[in-house]
Every structure is written in structure tokens, then in C-alpha cells.
Amino acid sequence: MGTNSVHMLVVRFYDGSLGTTVYQDKETVRMGQSLYAQGAIDAETLEKTRIVIRNFVGVAREYGASEIVAMATCAAREASNRQELVHAIKSEGVDLHVIPGLEEARLIRLGVLGPDSDCRTLCIDVGGGSTEISLGDGKGGVYLDSLSLGAVRLAYGSGIDQSGKVTSRQYDALRRIVDTASYRSVGRVRDMGFDRAVGSSGTIMAIGEMCGSLRGDRDGSYFTYTELSSLMKDVCSRDVGERLKLPKMTANRADIIVGGGAVVEELMFLFGIQKMEVSKNGLREGMRTEYLLEHGQSDFDLRGSSVNGLVSRCGCDRRHADAVRRYSLAIYDQMAEKGIIAGDSRFRELLGYAAELHDVGEFISYERHAAHSFTIIKNSFLPGFDEHELLLMALMARFHHSSVPGPSSKYFAGLEPDEAGPLRECALVLRMADILDRSRDRSVESIEVSPVGASVVMRLMCTRDISMQLWKLKTIRDEFSNVFDRKLRVVDIREPAHRPSPPADGRSGARAPLSDRS
């Protein structure tokens, strides 16, 4: 329960995963609007909040929720009638926990980065009443702070009317409020340093979507300081009604975007942030991870857990998914080791996850399931992955039943110039791995890949006849040459116990020599 809105997340937990979201919703209640005008949450807002909670609890129960955890943040912390709010929620059978600002910052970091981040990351969450700052390094939090800054607080508690056009002098006054409230955190964080900056909350997501629309690529996963400064000049030149004409602007955001934007812009300036990544995760996801920690889970693999949850939810053949992952990585590693491809640790990791997810589209329909897999993966919002990584994995899975297109294909329009090549390599490796388990019996025990002249020889140690796999691999030889600029030859090295018996007339049943097989 935030200063601006109430959020709900319903999670179904699977073994070995952080759980899968089965439903989420939010409702704007604006507890901060009356709070910052008169120091208390008014009766009408209390009643609206109670009704929202009652309905959210009903939805959760319909989904089979066995436990409900409710937390409230800044507005509840500061309201003089906090207990009225707690009692109103209690009347709906829910115990409301009002959490301190530093705990809110910790949980937001946990939701945005997971329990283990791979670099020192600055997280900024601009809420309605407070802004949480967290600096994370590996498994631990380096610095946490909660600032008395927020979109609703500055809109209704700054004394500056933002319903009409906002002058540059008024906007500068808002930025000075941010300076005063944040100087301690700015000094500490800049002294410690950070590698990347990630923003969360409705305000930052709205800014990302608006900047992406104005940029033209509609990519809301990031925005730059320059883009935000230009956007805020445009926003301030309009009244509330005119702001609704801006792309991605909503009625619930138009009256508080000036205050929220001032917080984000000034913090980016003070911290020296040129580019802000946008996360759709936040306090809700942190509550989910914290729930698992409290119930004994201590060793987290956020990405692996997210992938496992989606595989389980879509009802995929787990043994086939594991086999395709194993074959994909075996082929990729040997091709990289032998100099056939350059190899890239990031693409290798994403290939492994894409291999596990390649058949999730069967949840919709087996027909065109590779295309369905692309759609599901790209729009899955898996915790631990950014939107671009999801796109890369979706593209790897997209072509496991069809030819990998050329580097100038429209499918690769959203990639960086140096990504199309490695992506095509991974996609074809995944396709080959899927073919190797065509019979769904995991009959390929080991794979050996070697360059021989202008060819790549793949030797397969098998426990059963793999004629169908060999026939299918023949059909992609031209595609292999196109992607890797080498010819493909495949050799079946079957274990002696599984070789065919000699014919009755005594003719040899031995394999043809390497040069005669493909």
C-alpha cells in the first residue's frame, strides 16, 4: 500500500523457483493527496482503501491464496491517523505491516536486483511520498536510504500549483527541494561509486515509456538525462489537460508528473547518471523474495528460478528441455573452444535459458509453437532479465523449427549491430540441439565437435539408432554453411552393444567411412 496506489501480486510457488505471478493489479487511492494537504488521510480515502483491500483479498482467495502478506509504506508511516488505516484493513481480515523507510529500500532492492546482483548497482525508486535509494554489491546491500521526496508529496505538499503550466522558476524550486532532501545520500553514494543505475516505480516507468515513444523506438526500458530534461520542459509548458496529449500520459499521472519528474531529473543530475535503466519490479517482487527467505530458501539463482517457473507453468517436457540445454551448451562450448565461433559468455548464458524455454509456446498450440514461444518469452517479464535479454532469448527460440534468417532480417531490427551474428549462431545451435533429441529419448550421450579443413565434424556417441536425427541434420547443411561459413559433417559413433547385427549372408554391417557419411 503506497502513497499513490495499492498494488496486489498473487504468486504460485513451484519447487526450485521464486514462484510465478498468476495475477496482479493496482488501484489508485491517493492516500498522500489528503495527507500532504492536511496531515491525515481523510475518511473518504480510508473507505476507498478498505474497499480496494476487500476486493483484492477476494481475488486472491479465488486464485487459491493460502496466505496474505500486506505492507504499507510512506503515507501510512507519516499519517497522524495511521491506526485508523490499520484498523480499517484489519476489518477485512488482513494484518497490515507498516514498514520503515530503510526496510522499504531493502525490499525494493531485493525485488529489482534479486538476492544476488552481479555488479554494484544504484537503485532509485520514486514513489508517491518517498524515494528509496539503495546501493547493492553482490549478495549484500552497501547503502540504504529513504528520502522525503515523492511525486504526490511534491505535487500537493510543496506549495507550488502544478495543475497549470509550470514556470522554469517554479520547476527550479522543486529541484532545490530535491537537493535539500538528498544531499547526504548523494555524497555517500558518489564516494562509494556504482556501475549502473536502475529506476523503478510508476513514475520512472511512465517516464521511460514517454521517452521511448518520443524517441521513436517505443523502448521504455531506459531513458537518458538529456531525454528526460527535454521531456520535462515539454510537460511544464502544458497544463494538466494538455499533458494528456503526450504519448503514454494517463489521467492518474498528469497531475503528479511534474513533481515526480523533478525528483528523477535532479537525482540523475546529482548522481551523475547519464542513462537510467527501467525495471518493472519493485516492492511487490521484493516481498515475494523475502517470503521465500523467511521460509528457509537461502541459495537463490534468480534467472534459473524464473526460467524454471515459466517452464513449469507452461507444462513443458522437462526432460526434453534439459536435454536440449545440455546439447546446446556442449555444441556451443566446443565450437568456441575450437575457434569455430568467437564465443561470448553473455550469449552462452542466454542460449542455455532459451534452450530450456524453446517449447513454452506449446502451451498455446503445437502448431506454430516456435512463434508462440517467441511471444511468450519476449513478454514474460522474467525476474532477473531485462527486456533486451528477453528479446535475445525469444529470437533464439523462434527459429528452432525453421530456418535462421539472414543478419539483415526484420527480426533483428531491435539488435545492436554486433549482436545479429552471435544471435544467429546461438539460434542454429539450439535448432541442432533440438534435432538431436528429436526422438525424445536422449539417445545422444556425448558430442564432439572439431574443425577439419573447411568443414565442421560433429561426432555423436549414441545409445540407440539416430537415423532420423541424421536425416534431419542433413536438411540444415546449407543453413549451417550460411551461418558458420563451413560445411557440416555428422558422424554416428554408436556404442558396440547398440550396433546392428551383421546381415545373415555375411556381408559387413560396418559404418561407412567418414567421407561417405553426413
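The values are calculated or read from the model by the stated rules, or taken from the named source; none is laboratory data. Predicted model only: the values in this text are computed from it and were never measured. Cβ: placed from backbone, ideal geometry, glycine included. Neighbour counts: every protein chain shown.
Here are the numbers for this structure:
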| item | result |
| --- | --- |
| Selection status of Val307, modelled with pLDDT of 95 or more and in contact with a Leu (Cβ under 8 Å, 6 or more places away or on another chain) | no |
| Leu329 vs. criteria in a helix (DSSP H, G or I), under 30 Å from Ala72 (Cα atoms) and among the aliphatic types (A, V, I, L, M) | no |
| Residue within segment 311-319 that is part of a loop (DSSP other than H, G, I, E, B) and surrounded by 16 or more Cβ atoms within 10 Å (Cβ to Cβ) present | yes |
| Within segment 23-56, considering residues that are in contact (Cβ under 8 Å) with a residue 60 or more places away in the chain and surrounded by fewer than 20 Cβ atoms within 10 Å (Cβ to Cβ), the one farthest from Ala254 (Cα to Cα) | Gln24 |
| Any hit, segment 281-300, residues being among the aromatic types (Phe, Trp, Tyr) and within 16 Å of Arg431 (Cβ to Cβ) | no |
| Residue match in segment 168-182 (condition: farther than 24 Å from Ile256 by Cα and of a type in the set (Val, Ile, Thr)) | no |
| Qualifying positions in segment 329-341 - more than 12 Å from Glu448 (Cα to Cα) and either touching a residue at least 60 places away in the same chain (Cβ under 8 Å) or of a type in the set (Lys, Arg) (or both) | Gly339, Ile340, Ile341 |
| Subset of segment 376-432 [under 24 Å from Arg288 (Cα atoms) and among the polar types (S, T, N, Q)] | Asn379, Ser380 |
| Residue within segment 60-70 that is under 30 Å from Leu154 (Cα atoms) and surrounded by fewer than 21 Cβ atoms within 10 Å (Cβ to Cβ) present | yes |
| Residue in segment 283-295 that is modelled with pLDDT under 90 and among the β-branched types (Val, Ile, Thr) present | yes |
| Test: residue in segment 122-135 that is over 29 Å from Ala37 (Cβ atoms) and of a type outside the set (A, V, I, L, M) | yes |
| Qualifying residues in segment 106-130 (those that are touching a Phe, Trp or Tyr at 6+ places or on another chain (Cβ under 7 Å) and not in a loop (DSSP other than H, G, I, E, B)) - the one surrounded by the most Cβ atoms within 10 Å (Cβ to Cβ) | Leu122 |
| Filtered residues of segment 195-208 (kept if at pLDDT 95 or above and either among the basic types (Lys, Arg) or touching a Lys or Arg at 6+ places or on another chain (Cβ under 6 Å) (or both)) | Ala206 |
| Residue, surrounded by the most Cβ atoms within 10 Å (Cβ to Cβ), within segment 464-478, restricted to residues that are touching a helix residue (DSSP H, G or I) at 6+ places or on another chain (Cβ under 7 Å) and among the charged types (D, E, K, R) | Lys472 |
| Any chance Ser481 is assigned by TED's automatic domain parsing to the domain that holds Asp344, part of a strand (DSSP E or B) and out of contact with any helix residue (DSSP H, G or I) (no Cβ under 7 Å at 6 or more places or on another chain) | no |
| Among (1) surrounded by fewer than 18 Cβ atoms within 10 Å (Cβ to Cβ); (2) modelled with pLDDT under 95, the one test that Thr20 misses | (1) |
| Flag for Ser409 being polar (S, T, N, Q), surrounded by fewer than 17 Cβ atoms within 10 Å (Cβ to Cβ) and over 23 Å from Thr375 (Cβ atoms) | no |
| Given (1) over 14 Å from Val311 (Cα atoms); (2) crowded, with 20+ Cβ neighbours inside 10 Å; (3) within 15 Å of the chain's Cα centre (by Cα), number of the condition Val429 does not satisfy | (3) |
| Helices (runs of 4 or more DSSP H) enclosed by segment 13-105 - at least 2 residues per element that are among the polar types (S, T, N, Q) and over 20 Å from Gly282 (Cβ atoms) | 31-38, 43-62 |
| Residues located in segment 157-203, provided they are surrounded by 22 or more Cβ atoms within 10 Å (Cβ to Cβ) and farther than 15 Å from Phe269 by Cα | Gln162, Val166, Ser200, Ser201, Gly202, Thr203 |
| Residues satisfying the stated conditions in segment 347-395, i.e. crowded, with 18+ Cβ neighbours inside 10 Å and on the phi > 0 side of the Ramachandran plot | Gly384 |
